[in-house]
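Heads up: the structure comes next, in structure tokens.
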Amino acid sequence: MELKAELKYTKSHEWIAKDGDVATIGLTDYAQSELGDLVFVNLPEEGDEVTVGEAFGDVESVKAASDVYSPVTGTVSAVNEELLDAPESINEAPYDAWFIKVTDISEEEELLSAEEYEKFVEESEE
Amino acid sequence: MLLFEKSREGRGCAILPECDVPVVLPQEKDARKQPLHMPALSEPELSRHYTELAHKTRGVNDGFYPLGSCTMKYNPRVNEQIAALEGFNQIHPLQPQGTVQGCMEVMALAEKYLCEITGMDHMTLQPAAGAHGELTGLLLMKAYHTSKGNTHKTKILVPDSAHGTNPASAAMAGYTVVSIPSGDDGCVDIEKLKEAAGDDIAGLMLTNPNTVGLFDKNIREITQIVHDCGGLCYYDGANLNAVMGIVRPGDMGFDIVHLNLHKTFSTPHGGGGPGAGPVGCKEELAQFLPSVLVEKDGDDLHFTKPEHSIGEMKSFYGNFLVVVKALTYILTLGREGIPQASSNAVLNANYMMNQLKDLYTMAYDDICMHEFVMSLADLKKDTGISAMDIAKGLLDNNIHPPTMYFPLIVEEALMVEPTETESRETLDEAVAVFRQLHAQAAADPEGLHHAPTKTPVTRLDEVGAARHPHLRYHFED
Amino acid sequence: MGSYIPNTGKEQLEMLKSMGYSSMDDLFAAIPDDMKLKDGLALPEGKSELEVSRIMKGIAAKNRVFSSIFRGAGAYNHYIPAVVSSVLSNESVQTAYTPYQAEISQGLLQSIFEYQTMICDLTGMDASNASVYDGAEAAAEGIAMCRDKKRNRALISAAVLPAALETVKTYCFGNEIELEIIPEKNGVTDLDYLKEHMDKSVACVYIQHPNYYGNLEDAEAIGEIVHESGAKYIMGVNPISLGVLKTPAEYGADIAVGEGQPLGLPMAFGGPYLGFMACREKMMRKLPGRIVGQTVDADGKTGYVLTLQAREQHIRREKASSNICSNQALCALAVGVYLAAMGNEGLEKAATQCMSKAHYLADQLTGAGFAVENKGDFFHEFVTVSSKDTDKVLAALEKENILGGQKLDDHRILWCCTEMNTKEDMDLLVRIVKEV
């Protein structure tokens, strides 16, 4: 399981990078390996509101569909439309394959550090 | 090779004569400009093309087909012959009622017999499939609650072992789904059900025997709990083949039932349809039924529209020819044959399970109904061979695999439903194949990972198909 | 009497004993005794094949098979090439399950891929599913495809098949899409009303073309109005008409649906028929139901699989776009064979004859005391109004074993002609109704 120390994580397996007022959100390496080969992503539109703890999109593998949750409340300022044509990039480079960028953040859930997330995954595996 | 690749300009079949009246064509503004690309092939080529496709298709008559929850029983030939009669086939659905008394008699008899088998009071034959029946049944429920002013009833209880159509249908009817966990015995967890059964519950969807092949012995208590909170009980008829003539959903406490005529009543699956999903209900709900019902008036039959009907679920009266086939089947089996079909379906399933349970782990080691579920989780841990690998191995042995990875509550599930129309020899042979594959899992797992090898194609790239969908042939111009 | 159970009573007993049971009752021990049926089912005794055959033939004989049919209104009498029923009678194809096991279902999967291609080509669209129940239900599924978080209203023309309108209403009662009916004016959709009622809350507009009265709608203009508000445009079309009429894609539609019955399926008292659905590429993943895609196997050989399955109920459960599972696959096969046998030329011929004959009959009826109501172009259905009593006109035809048009009211009839109606039949019809 690959982790990046500079990122924060959620218990629903999203990573989040904060740069000033902008939060960038994607799926963790652990999530992509559990889901298997991803074949499609459903993304919100620019300008949509996202709410902490609620699904903002989903990813599909051949035999499953899983929601992707937002760790923050705010407005979608950018959407990575390249994922629509190349969902495999989530499998190949999960930390480069961001889903959305969020601004106007009014609420944020308690996030995990790389270490804490690693521990959380190990415990849930047992 | 596709039809379009075989097509050669100038070839064709001479189907229609020349026009015998002056030709009238649409005005320029409405005339088609896009070119048409229907294949140009002579009848011999066409006929051979489809024969070739048939060879690459596996039906019930090609061998054992123990596909759990699908009831792949033999499809009697006489049913097909009857449904092909001009007197059924060539009838326009909007003919005057006096000229379709035979069709109406088919509908009246089918309703009567299917109500008797399910313990219901009325039945609509309009739904075209099981899922269509589910939606119909849930809309009956919604109409009932609406009429009672029960607008606060917005939730439907669905066990976690349910077929995916149940929650999907509930959502289409505008309901929120509340998933009820199964207990360790695979049956509804009564305590959890009690917790969930509140004033906001519109109803419960359940199949019994359930999706793990067990008869839920608490069924009366379950339906009572739902009724006590003002909800209705919906019976998913997917598994009726286990209990016909032995116990009826109506006597278990269910208010609404859908049947799958293409499972239980021997009509062919047609590669995915057409089926038929009649919906039966208790008297109180009959006023909401869609379409029309047939009533007898002296010697004449006529259509009546239920007073507070939910409307239409599709055009006309349903997949009528499928109903003709099912009625033919019911008449053939009759009062003794129907329960015999069920008891032999249960016998065959138990017979197979008993000969496999020393090797394969049964998800629930109890007397099963018409199907049983094995979990290959242990095998996978020991050998790396998954339920999918065993399924693919069966393909090389001329056996259609059981249903895989369902129900979701059983890990690495294979769900086996032999049906009553298989002989003991067929079951014995299948058992031998299952046992041999189990041995191969340990001895030659690599070989199984590559199965099937004897089929027209090997394992297909489903990931590629879904990532870059190629859903039609593209013509050059 | 018949049971289709191979095992004899003796064999059944041996099987029971091999497991340590003595009777079938032992297998049903989990069912509470007081719940079981005491006296069996109140059904007739089982019967032999010959007896059942006699009974069912007797029932079929109570139906009237008309020698000539001038009624459409949702079910159409067309010629079905012999090769269609011959292909459909193949037992492997007829008795197969849904092709989830792709390795042993290549024939079926390929036939669906061919069907999808033909439906796309007919409608001018990019993607088609493998069929839904029928044309009316396809209309309802099409509308459900368009809803999103911001748009929850749908408009439907009053000039559509009544069953389609009723089905759409029922589905909207379920999924709580706000449905509004656009009235008709002079037998076509009222464009002024449509313009006034479009706004950003409208998800889609559904019209039928040719409409219920056979009229061609101003389909292009409607499309422009719909798209101006950013809504989706759904057209319900008669597939035979596409042999000569503009495709829904040419008219600007986003989704094309329709009743597939005219393409090689018998009238069969209303079913089984087939609903076809096709759309533009950007809506492809919103299509309900099964879809076949082309791919390769482990050795690089071309093959076909059910694809985009993550949209469907067995994976997405309550979040699926539709609950559809069983469809009308065998009917889709019939459509494929029909279109292959007809070819471009046959389909154009069928379409041309439908239109030409309807106009011939309309002209002839005009000289026999009927006035044609259709103001503009019509395809193969049209409405007459007359001082003659509809019931009497239809009864006079029935006496000669002719099924006349569909009664709209006491003086209006909806007629339909296809390639099946010869000039002689039409002349005879006119002679009979003239006398009424």
Picked from the stretch B:46-98 (must be more than 22 Å from the chain's Cα centre (by Cα) and among the hydroxyl-bearing types (Ser, Thr, Tyr)), the residue nearest to the other protein chains (Cβ to nearest Cβ) is B:50
By residue number, the members of the stretch B:340-366 that are among the hydroxyl-bearing types (Ser, Thr, Tyr) and either modelled with pLDDT under 95 or within 23 Å of the chain's Cα centre (by Cα) (or both) are B:342, B:343, B:364
Of the candidates A:95, A:117, the one satisfying the condition of being aromatic (Phe, Trp, Tyr), farther than 24 Å from residue C:318 by Cα and over 13 Å from the mean Cα position of the chain (by Cα) is A:117
Given the conditions (1) within 9 Å of chain C (Cβ to nearest Cβ); (2) assigned to a helix (DSSP H, G or I); (3) in contact (Cβ under 8 Å) with a residue 24 or more places away in the chain, every one holds for residue B:366 apart from (2)
Of the candidates C:285, C:317, C:290, the one satisfying the condition of being at pLDDT below 95 and facing chain B (nearest Cβ under 7 Å) is C:317
Residue C:390 fails exactly one of (1) at the interface with another protein chain (Cβ under 10 Å from one of its Cβ atoms); (2) farther than 22 Å from residue C:241 by Cβ, namely (1)
Residue hits (the stretch C:1-15; modelled with pLDDT of 95 or more and at the interface with another protein chain (Cβ under 7 Å from one of its Cβ atoms)) are C:4, C:5, C:6, C:7, C:11, C:12, C:15
Taking the stretch B:252-307 and the residues there that are surrounded by fewer than 22 Cβ atoms within 10 Å (Cβ to Cβ) and of a type in the set (A, V, I, L, M), the one that is farthest from residue B:99 (Cα to Cα) would be B:286
When the stretch C:229-284 is checked residue by residue, the ones that are farther than 21 Å from residue B:36 by Cβ, part of a loop (DSSP other than H, G, I, E, B) and of a type in the set (D, E, K, R) are C:254
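To keep it simple, each residue is scored yes or no on (1) on the phi > 0 side of the Ramachandran plot; (2) crowded, with 24+ Cβ neighbours inside 10 Å; (3) not in a helix (DSSP H, G or I).
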site	(1), (2), (3)
C:304	no, yes, yes
C:316	no, no, no
C:322	no, yes, yes
C:327	no, yes, yes
C:332	no, yes, no
C:337	no, yes, no
C:342	no, yes, no
C:348	no, no, no
Scanning the stretch B:137-152 for residues that are more than 13 Å from chain C (Cβ to nearest Cβ) and free of Cβ contacts under 8 Å to residues at least 12 places away in the same chain gives B:148, B:149
Residues in the stretch C:205-244 that are closer than 20 Å to residue C:357 by Cβ, within 10 Å of chain B (Cβ to nearest Cβ) and either over 19 Å from the mean Cα position of the chain (by Cα) or modelled with pLDDT under 95 (or both) total 2
Among residues of the stretch B:214-265 being over 30 Å from residue B:421 (Cα atoms), in a helix (DSSP H, G or I) and acidic (Asp, Glu), the residue nearest to the chain's Cα centre (by Cα) is B:221
Of those in the stretch C:57-72 that are more than 7 Å from every other protein chain (Cβ to nearest Cβ) and part of a loop (DSSP other than H, G, I, E, B), the residue surrounded by the fewest Cβ atoms within 10 Å (Cβ to Cβ) is C:67
Restricted to the stretch C:324-375 and to residues being aromatic (Phe, Trp, Tyr) and in contact with a helix residue (DSSP H, G or I) (Cβ under 7 Å, 6 or more places away or on another chain), the residue nearest to the other protein chains (Cβ to nearest Cβ) is C:360
Among the residues of the stretch C:15-43, the number that are touching a Lys or Arg at 6+ places or on another chain (Cβ under 8 Å) and outside any loop (DSSP other than H, G, I, E, B) is 3
Flagged pairs (Cβ under 7 angstrom, 6 or more apart or on separate chains; first in the stretch C:245-265, facing chain B (nearest Cβ under 10 Å) and under 16 Å from residue C:334 (Cα atoms); second among the acidic types (Asp, Glu) and part of a loop (DSSP other than H, G, I, E, B)) are C:259/C:134
Only one of (1) over 18 Å from residue C:311 (Cβ atoms); (2) touching a residue at least 40 places away in the same chain (Cβ under 8 Å); (3) not β-branched (Val, Ile, Thr) does not apply to residue A:45, and that is (2)
Exception for residue B:98 within (1) of a type in the set (Gly, Ala, Ser); (2) in contact with a helix residue (DSSP H, G or I) (Cβ under 7 Å, 6 or more places away or on another chain); (3) surrounded by fewer than 24 Cβ atoms within 10 Å (Cβ to Cβ) falls at (2)
Those residues of the stretch A:46-87 that are among the polar types (S, T, N, Q) and either assigned to a strand (DSSP E or B) or at the interface with chain C (Cβ under 10 Å from one of its Cβ atoms) (or both) come to a total of 5
Original post:
Being under 26 Å from the mean Cα position of the chain (by Cα), under 20 Å from residue C:296 (Cα atoms) and of a type in the set (Gly, Ala, Ser), is that true of even one residue in the stretch B:466-476?
Top reply: yes
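The values are calculated or read from the model by the stated rules, or taken from the named source; none is laboratory data. Bear in mind that the values here come from a model prediction, so they are computed numbers and not experimental data. All Cβ positions, glycine included, derive from the backbone under ideal geometry; neighbour counts span all protein chains shown.
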